[in-house]
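Below: one structure, written as structure tokens.
The values are calculated or read from the model by the stated rules, or taken from the named source; none is laboratory data. No experiment lies behind these values; they were computed from the predicted model shown. Cβ placement follows ideal geometry from the backbone for every residue including glycine, while neighbour counts extend to all protein chains displayed. We work out accessible area using only protein heavy atoms, side chains counted, and drop any ligands, DNA or RNA first. Shrake-Rupley method; radii C 1.70, N 1.55, O 1.52, S 1.80 Å.
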Amino acid sequence: VKASLAPGSRAATALLQRAHLLEPLERLGFHVAAYGCATCIGNSGPLDPELERQIRSHGWVVAAVLSGNRNFEGRIHPLARANYLCSPPLVVAYALRGTVRGDLTSDPIGIGADGRPRYLRDVWPSAEEIAQVLRSAVRPEDFRAAYEHVERYSPQWAELPELASEVYEWDPNSTYIREPPFVQHLPDEPPGLQDIERAAVLGWFGDFVTTDHISPAGTIPPDSPAGRYLRERGVPSDQLNTYGARRGNHEVMMRGTFGNVRLRNRLVDCEGNWTLVIPTGQRMSFYDAAMEYRRLGIPLVIVAGAMYGAGSSRDWAAKGTALLGVRAVIAQSFERIHRSNLVEMGVLPLTFPPGESADTHGWTGRERITIRGLNELLPGATVTAQVEREDGAVVSIRLRAAIANRQELEFLRQGGILPHVFRHLLSM
């Protein structure tokens, strides 16, 4: 059992100390590792190498139990396929038991020093006990002490040199922070909403693909496109860090988009960061496939089922999609925030009419899709897509532009919200 403890703040650690809970938690392996998201965002650290090898070779389903608020597949750790949300005491109880199998209301969580079984009911505190501890352990001065001198907790941050320049001086050799491309070489006039000509399907997904399936998260695998990019720049394999730590480097993040180990792309017969380059028949990572399509001059679309983009807002789920060259996402329905984020990155969201889907139209994912007349598009309007099948036959289908208002339409015409804001600032 790998255990970690990441309180929300140092004041929470002070509460645990005053309640005489920190020391017994440490004896159980729950040492304070960090403050903040930590395990919830995949910063749970590596597993024992031999354990990782056994998990991969046997195909074991490994479970995580956490008191955070995210339990998407592969999020806590790429090899933790089943993730359960519980209260903090239940997390400790499952750690003691060592398995998520069984029934904690009737099965013992362990064996005492006297050889007798111990049950959850034996150790579970009453509401009165909890209230008493909180009355004695929660003190305002802990919060003042924790936040009064935050700079002393991170001396490396305080020692960073101050730059005299009014704008940030980008380091071209940095593997953490690079100048993003969103407003580089920006033309004075917006490009308008360009037609989509014979786009290929980069990914074909079912229902409920979440932003955690799309957005990079967790540790960066050495053999992934992002890992290879960093290693080519001299970063050792044991210092690749996490996508969260390198989120200021778009080269890393776009390489990790659609990289979730549990992602199911219907174009291939395996899970993970894989898709099919239709013209060549090659199986590649999403990033490598997108770059091959770019070399061939072929635009891209994503096809999905219902509630595409469910979960957290995850700005990189939309940013990475746009950077890979995806012009539109065609889905049965969208989660509202991700739909908005796609629009603000210049990616057109389109929905099938009610009762229709890629399956009802008999798609295989190998179609080429053309949509014209987009520069005259209106919010919520219906557009006609020409769908070219593998045998060369062309059929027309109707799609709805999932655009809420004229402001969103303007974002699309400008190439996204960042070019829109940038042009506005330059005009002032």
Revision key, fill the gap. For the pair R152 and Y168, the simple spin-label estimate (label points 7 Å beyond Cα toward Cβ) gives in nm 3.0
Review point. How much of V1 can a 1.4 Å solvent probe reach, expressed as accessible area in Å² and rounded to 10?
Key: 140
Check your understanding: What ³J(HN,Hα) values, in whole Hz, does the Karplus curve 6.51 cos²θ - 1.76 cosθ + 1.60 give for the range 90-104 when θ = phi - 60°, with x put for Gly and Pro?
Key -> 5, 4, 5, 4, 5, 5, 5, 6, x, 7, 8, 7, x, 10, 5
Check your understanding: In the range 268-406, with Lys and Arg counted as +1 and Asp and Glu as -1 at Cβ, which of these residues, I397, I337, G362, has the Cα nearest the positive end of the dipole, that is, farthest along it?
Key -> I337
**Study point:** the range 273-428: radius of gyration and largest Cα-Cα distance (Dmax), Å
**Key:** 15.8, 53
**Study point:** Net charge over other residues, Cβ less than 15 angstrom from the Cβ of Y229 (K, R count +1; D, E count -1)
**Key:** +3
Check your understanding: What accessible area per residue comes out for the chain, rounded to a whole number of Å², with a 1.4 Å probe?
Key -> 53
Revision key, fill the gap. Shape call for the range 183-267, from the Cα gyration tensor axes a ≥ b ≥ c (a/c under 1.5 means rounded, otherwise prolate when a/b beats b/c, else oblate), comes out oblate
**Study point:** Cβ-Cβ FRET estimate between T280 and Y35, R0 fixed at 56 Å, reported to 0.05
**Key:** 0.70
Check your understanding: If you average the sequence gap of Cα pairs under 8 Å that are 6 or more apart and divide by the length of the range 260-339, what percent do you get for the contact order?
Key -> 24
Practice item. Calculate one ³J(HN,Hα) per residue across the range 135-144 by plugging θ = phi - 60° into the Karplus curve 6.51 cos²θ - 1.76 cosθ + 1.60, and present them in order as whole Hz with x for glycine and proline. Key: 4, 8, 9, 8, 9, x, 5, 5, 6, 5
Practice item. Round to the nearest 0.05 the FRET efficiency obtained for V123 and D269 when R0 = 35 Å and r is the Cβ-Cβ distance. Key: 0.15
Practice item. Run the dipole for the range 334-392 about the Cα centre, Lys and Arg Cβ at +1, Asp and Glu Cβ at -1, nothing else charged, and hand back the magnitude in debye, nearest 20. Key: 140
Exercise for review: State, as an integer percentage, the relative contact order of the chain based on alpha-carbon contacts under 8 Å between residues 6 or more apart.
Suggested key: 13
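Looking at the square roots a ≥ b ≥ c of the eigenvalues of the Cα gyration tensor of the range 5-146, which shape do they give, rounded for a/c under 1.5, prolate if a/b is larger than b/c, or oblate?
oblate
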Check your understanding: What is the list of residues in the range 123-163 whose amide nitrogen lies under 17 Å from a point 7 angstrom out from the Cα of Q17, following Cα to Cβ?
Key -> 136-154
Check your understanding: What number comes out for the charge environment of T364, summing +1 per Lys or Arg and -1 per Asp or Glu over other residues with Cβ under 11 Å away?
Key -> -1
Exercise for review: Above 40 angstrom, tally the Cα pairs of the chain and express them as a % of all pairs, no decimals.
Suggested key: 30
Review point. Rounded to a whole number, what % of the accessible area of the chain do carbon and sulfur atoms account for, probe 1.4 Å?
Key: 53
Exercise for review: Answer rounded, prolate or oblate for the range 184-329, using the Cα gyration tensor with square roots of eigenvalues a ≥ b ≥ c: rounded when a/c is under 1.5, else prolate when a/b is larger than b/c, else oblate.
Suggested key: rounded
Check your understanding: From Cα coordinates alone, what are the radius of gyration and Dmax values for the range 344-393 in angstrom?
Key -> 12.5, 36
Point to revise | Test item: Cα-centred dipole of the range 261-392, Lys/Arg +1 and Asp/Glu -1 on Cβ, debye | key: 260
**Study point:** Computed label-point distance, nm, for sites Q132 and T99 using a 7 Å Cα→Cβ extension
**Key:** 3.6
**Study point:** Student exercise, the chain dipole from Lys, Arg, Asp, Glu Cβ charges, in Debye to nearest 20
**Key:** 640
Revision key, fill the gap. The answer for Y308, listing residues at least 5 apart or on another chain whose modeled amide H is closer than 5 Å to its amide H, is F208, S333, F334, E335
Practice item. Pop the C-beta distance of V183 and A381 into the FRET formula with R0 = 22 Å and round what comes out to the nearest 0.05. Key: 0.20
